[in-house]
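Heads up, the thing below is written out as structure tokens.
Read-outs: derived from the displayed coordinates by stated rules, not from any lab. Because the structure is a prediction, the values reported are computed rather than measured. Every residue, glycine among them, receives a Cβ derived from its backbone with ideal geometry; neighbour counts consider all protein chains shown.
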Amino acid sequence: MTEPVDATDLGDRGELLRVARGGSLNLAGAVLNQALRFLITLLLARLVGRGDLGRYFQAFAFLALLGLLSLSGFRGALTRFVAVHRADGDAGALHGTLRLGLILPTAGAAVLGALLFAMSGWLANHALDDAAMVFPLRIVSIALPATSFADAALAATQGYRTMTPFAVVNLVFEPTFRVLLTVVFLGAGWGLKGAMVALLVTNCVGAVAAGAWLRRLTGRLTAAPVYHWRELFGFSTVSWLASLAGTGLVWADTIILGVFRPAREVGVYQVATRLTVLATIVLFPIATSFAPQIADLYQRGNLERLARLYAVVTSWTLRLSLPGFVVLMLFPRPLLHVFGRGFISAATVTMILAVGQMFDVATGPTGYMLVMSGRPYLTMANNVFALIVNIGLNLVLIPAYGIRGAAVAWAVSIALINVAKVVQVWVTMRIHAYDAGFAKGLVAAAAAFAAGLAVHAGVRGFASLIVGAPVVVLVYVPVLLMLGLGEEDRLVLRRLGEKLLVVQRTPGPARADSQ
């Protein structure tokens, strides 16, 4: 059994520094991105109401799932093989990979878009029983080719070992431009139609920007294209199935809710979902910064150092997330009231979803541990299994319990898949991610919860959130410090603080599918 030990025993702290550096930069982009997307949700909730908010997210669910379906796994394949062919100096293979990776997903998206446009009337009136969904579905069908092209182009830019195009286009430009257009169109009285047009225009302009940036990186490709069909499709198939199942797990409940329940319930459910996502904002950027180190250390057979780094990353992902979860569990009603009185009914749903998200955070970057150690088939199997469980539970629970049933289905699915991944990492590598720092975070969270509970009992209404949230943080941080920080903890905090103040270029994550 390989026990995680203090980073002071490491001869080389470079891996930890790289994770902290990349994680801080990715975190800065993720915070801005999520803040802007949260603002869109808030605007729609306040200005168009629960029903149209639900329709907006149902349409976005179709866009996310059909977009990923059209990509056919080429997003990961483009990043990998562009980097490989550049390193090998194979200009012909690079040209061929770019052609296939851009043309096939875009063409596939055009076909799917045409089918969706033709079927939008039937889907809206019969499957979803909501005639108001016709226009949003048709906008999605038009936006689909541009969305897939942008995804593919940004994935290709990452093969040039730069995060700048992804960060500027996907994390900053798209959400910022969408917020501005949404405000303008809602202010003009266009309602849901205005929000959907804003989405369409943003994605089209984003596709142009992504294509232009890729062209700037590639320059003029003069070599005759060489197509390595087998390696490209072999790699992309497993990646595609895993990604499709993972994205399906995110959006299946939204679509199934739309089939069985009114659009206003979908809107309420999505607001609860957005709140819980905010508590997990550190997970993705830190995990993606850790991913390259997994591949390097595992390839060199340094499992002891990998175990240490895995423990530090998981511990800090949890510790940075716990205050948000405490606030969600104690003050869901005042948080939901920000969106309007009609959303307060989702308080229980918010708490259920938060429990599921806590499983995701507490198990750390287990998915990356499996993929980067050469076991993508396990991730694919996990995601497919979780999606099947999720769909089955949704079909059983949503008709009887509505959004609470959807929340239970999602939380159970997420808990199962994350426990399975922890077990798989242990069985395949004899590595676990739990150390003293993890336990210290739980103790500090318990103290913060007790303090917040006292505020909850003594202060009513929205004031409980105003008073309680600062109290949770002011108790959590000192207790965590009193329990002691190791050298690796101080190193991570120092590097995070430094790099959040300095903008540098560093490899970034793949383009997210969630809104």
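Quick one: if you stick a label point 7 Å off each Cα along the C-beta vector at VAL396 and ARG375, how many nm between them?
Distance between label points: 2.8 nm.
Select from the stretch 254-343 those trypsin sites (Lys or Arg not before Pro) which occupy a DSSP coil region and have at most 13 other Cβ atoms within 10 Å, ordered by residue number.
When the trypsin sites (Lys or Arg not before Pro) of the stretch 254-343 are filtered for loop state and at most 13 Cβ neighbours within 10 Å, ARG300 remain.
Treat each spin label as a single point 7 Å out from the Cα along the C-beta direction, and report the VAL443 to PHE233 distance in nm.
Output for this residue pair reads 5.8 nm.
What relative contact order, as a whole-number percentage, does the chain give when Cα pairs under 8 Å and 6 or more residues apart are counted?
In percent, rounded to a whole number, it is 25.
Give me the distance in nm between label points sitting 7 Å out from Cα along the Cα-to-Cβ direction at LEU474 and VAL338, one decimal.
According to this spin-label approximation, the distance is 2.0 nm.
Return the FRET efficiency for the residue pair ALA118, TRP190: r is the Cβ-Cβ distance, R0 is 35 Å, and the value is rounded to the nearest 0.05.
0.90
As an exercise, use a Förster radius of 25 Å and the Cβ-Cβ distance of VAL183 and ALA132 to find the FRET efficiency, rounded to the nearest 0.05.
That gives a FRET efficiency of 0.70.
If you average 1/r over all unlike Cα pairs in the stretch 154-203 and invert the result, what Kirkwood radius do you get in angstrom?
Result for the stretch 154-203, one decimal place: 11.7 Å.
If a helix is a whole DSSP H run, which ones in the chain reach 30 Å or further along their own axis (Cα) and hold a mean Kyte-Doolittle hydropathy of at least 0.5?
Flagged H segments are 14-47, 49-71, 91-122, 134-158, 191-218, 229-260, 303-330, 376-401, 403-429, 436-458, 462-482.
Quick check for me: using +1 on Lys/Arg Cβ and -1 on Asp/Glu Cβ, what's the dipole size of the chain about its Cα centre, in debye to the nearest 20?
It comes to approximately 840 debye.
Putting +1 on Lys and Arg Cβ atoms and -1 on Asp and Glu Cβ atoms, find which of VAL238, GLY206, THR254 reaches farthest to the positive end of the dipole of the stretch 166-270.
Checking the options against the dipole of the stretch 166-270, the answer is GLY206.
If the label point is 7 Å along Cα→Cβ of ALA223, which residues in the stretch 94-120 have backbone nitrogen under 12 Å from it?
The answer is 94-98, whose backbone nitrogens lie closer than 12 Å to the label point.
Order these by the 10 Å Cβ neighbour count, fewest first: PHE260, PHE74.
Ranked by crowding around the Cβ, least crowded first: PHE260, PHE74.
First obtain the Kirkwood hydrodynamic radius of the stretch 48-260 from its Cα pairs, then insert it into the Stokes-Einstein equation at 10 °C and 1.306 mPa s, and state the resulting D in µm² per second as a whole number.
Rounded to a whole number, D works out at 88 µm²/s.
Return the Rg/Rh ratio of the stretch 196-242 with Cα-based radii and a Kirkwood Rh.
Rounded to two decimals, Rg/Rh equals 1.15.
Between VAL259 and ALA212, what FRET efficiency comes out of the Förster formula 1/(1 + (r/R0)^6) with R0 = 45 Å and r the beta carbon distance, rounded to 0.05?
0.70
Which whole-number percentage describes the relative contact order of the stretch 48-260, with Cα contacts under 8 Å and a sequence gap of 6 or more?
Once normalised by length, the contact order is 36 percent.
At a threshold of 8 angstrom on Cα-Cα distance, excluding pairs fewer than six apart, so keeping six or more, what relative contact order does the stretch 314-423 reach in percent?
After rounding, I find 30 percent.
Using 0.36 nm per residue, how much length does the chain from LEU303 to ARG99 gain when fully extended, once their Cα-Cα distance is taken away?
Taking LEU303 through ARG99 to full extension adds about 69.6 nm, to one decimal.
Using only the Cα atoms, what convex hull volume per residue in Å³ does the chain have?
142 Å³
Tell me the mean residue ellipticity at 222 nm calculated for the chain from its helices only (DSSP H runs of n ≥ 4, each -39500 (n - 2.57), averaged over every residue, nearest 500).
Helix contribution divided over all residues of the chain: -27000 deg cm²/dmol.
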